[in-house]
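Peer 1: The structure is given below, and queries will be raised subsequently.
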Amino acid sequence: MNLKQIVGMMALVGLSGLAQADTFNNGGFESGNTAGWSTGGGYRGNDLNSTIAPADFLAGGRLNQDNGERGLVIDKNYVDANLGSLLGSTVLSGNYAYRAEDTTSGGFGTVISQQVKNYTDSDIYFGWKAVLENGGHAEDESAVMILTLTDNTTGQLVLTHTYNAGNGGGGVDSRFQTSGDFFYTSAWQLEHLSIDQALKGHDFTLSLLAADCEPTGHTGYAYLDGFGSYVPPVPEPETYAMMLAGLGMMGWLARRKKSSKA
């Protein structure tokens, strides 16, 4: 085999490797659905926070009862049912995002998850927001958000966040604000994992679980968007507030114009 043939074979091998490399499917929910994701949910009212994990609510998990029916793909016009404009934008970038769990209580949890195999891009980005209602319970019984990014190739957690609405605020950090009984993040929390040579080609799974409190009377839910290899633009809370104010002014002018014609 001559040098030219060897070079040609090496090129084919390289192209084959690139063709097999995986990427994110509908990571920004821009198809308006959860294509590419796995979703699930179920009742968590008999389980403390320390005993539940995202996998418990997916198909085959011990708490799985549904396919994530309380989760929802939302569009950029969606306004949070409990906090309104206080929460700011509910979409990180583009036109859609996902809300894990509904906005009312009941003792349920919802999870959304995606696995990407043989990942070769240089970065993983995604953003989240959380709304956790404080019912005066201990941290292990309160509304909770559990976020994990797992390197399936090594079995290691490369990123994990767990926040809960425990009485006294010990289950949250400085990312959160309060309004009444709610702990919430008004700004999108942007997460980033740099894929160096040690991680290149590995398989990864991102999972987000949001759940109501264990005594079942207080709500917990979270928003997810922008799961991909590029930096999503983060909307400013002030921009969102100005947009809502502008829409209100347009509505007022329209009503005034209609009244003047009457």
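Peer 1: Residues Gly32, Gly60, Gly45: which one is of a type in the set (Gly, Ala, Ser), at pLDDT 95 or above and surrounded by 13 or more Cβ atoms within 10 Å (Cβ to Cβ)? Walk me through it before giving the result.
Peer 2: Details: Gly32 fails: surrounded by 13 or more Cβ atoms within 10 Å (Cβ to Cβ); Gly60 fails: surrounded by 13 or more Cβ atoms within 10 Å (Cβ to Cβ).
The conditions single out Gly45.
Peer 1: Would it be correct to say that Ala211 is touching a residue at least 40 places away in the same chain (Cβ under 8 Å), closer than 20 Å to Pro54 by Cβ and aliphatic (A, V, I, L, M)?
Peer 2: Answer is yes for this residue.
Peer 1: I would also like to ask the following. Is it the case that the stretch 182-202 has a residue that's more than 17 Å from Asn82 (Cβ to Cβ), at pLDDT 95 or above, under 13 Å from the mean Cα position of the chain (by Cα) and among the charged types (D, E, K, R)?
Peer 2: yes
Peer 1: Taking the options Ala55, Ala81, Ala130, name whichever one is closer than 23 Å to Asp151 by Cα and at pLDDT 95 or above. So that I can check it myself, show each step before the final result.
Peer 2: On the way: Ala81 fails: closer than 23 Å to Asp151 by Cα; Ala130 fails: closer than 23 Å to Asp151 by Cα.
Criteria check complete, one pass: Ala55.
Peer 1: With the requirement that a residue be over 16 Å from Leu92 (Cα atoms) and either in a loop (DSSP other than H, G, I, E, B) or of a type in the set (Ser, Thr, Tyr) (or both), what does the stretch 176-192 give you? If you could, list the steps in order and put the result at the bottom.
Peer 2: Quick first cut of the stretch 176-192, residues over 16 Å from Leu92 (Cα atoms) only: 176-183.
Hits for the stretch 176-192 are Phe176, Thr178, Ser179, Gly180, Asp181.
Peer 1: In the stretch 50-78, what residues are touching a helix residue (DSSP H, G or I) at 6+ places or on another chain (Cβ under 7 Å) and farther than 15 Å from Thr110 by Cβ?
Peer 2: Going residue by residue through the stretch 50-78, those that are touching a helix residue (DSSP H, G or I) at 6+ places or on another chain (Cβ under 7 Å) are 50, 61-64.
Of everything in the stretch 50-78, those that are touching a helix residue (DSSP H, G or I) at 6+ places or on another chain (Cβ under 7 Å) and farther than 15 Å from Thr110 by Cβ turn out to be Ser50, Arg62.
Peer 1: Is there any pair with a first residue in the stretch 151-177 that is over 18 Å from Lys129 (Cα atoms) and a second that is surrounded by fewer than 19 Cβ atoms within 10 Å (Cβ to Cβ) and β-branched (Val, Ile, Thr) whose Cβ atoms are under 9 Å apart and which are 6 or more apart or on different chains, and what are they?
Peer 2: Asp151/Val158; Asp151/Thr205; Asn152/Thr205
The values are calculated or read from the model by the stated rules, or taken from the named source; none is laboratory data. Just so it is clear, the model here is predicted, and its values are computed rather than measured. Cβ: placed from backbone, ideal geometry, glycine included. Neighbour counts: every protein chain shown.
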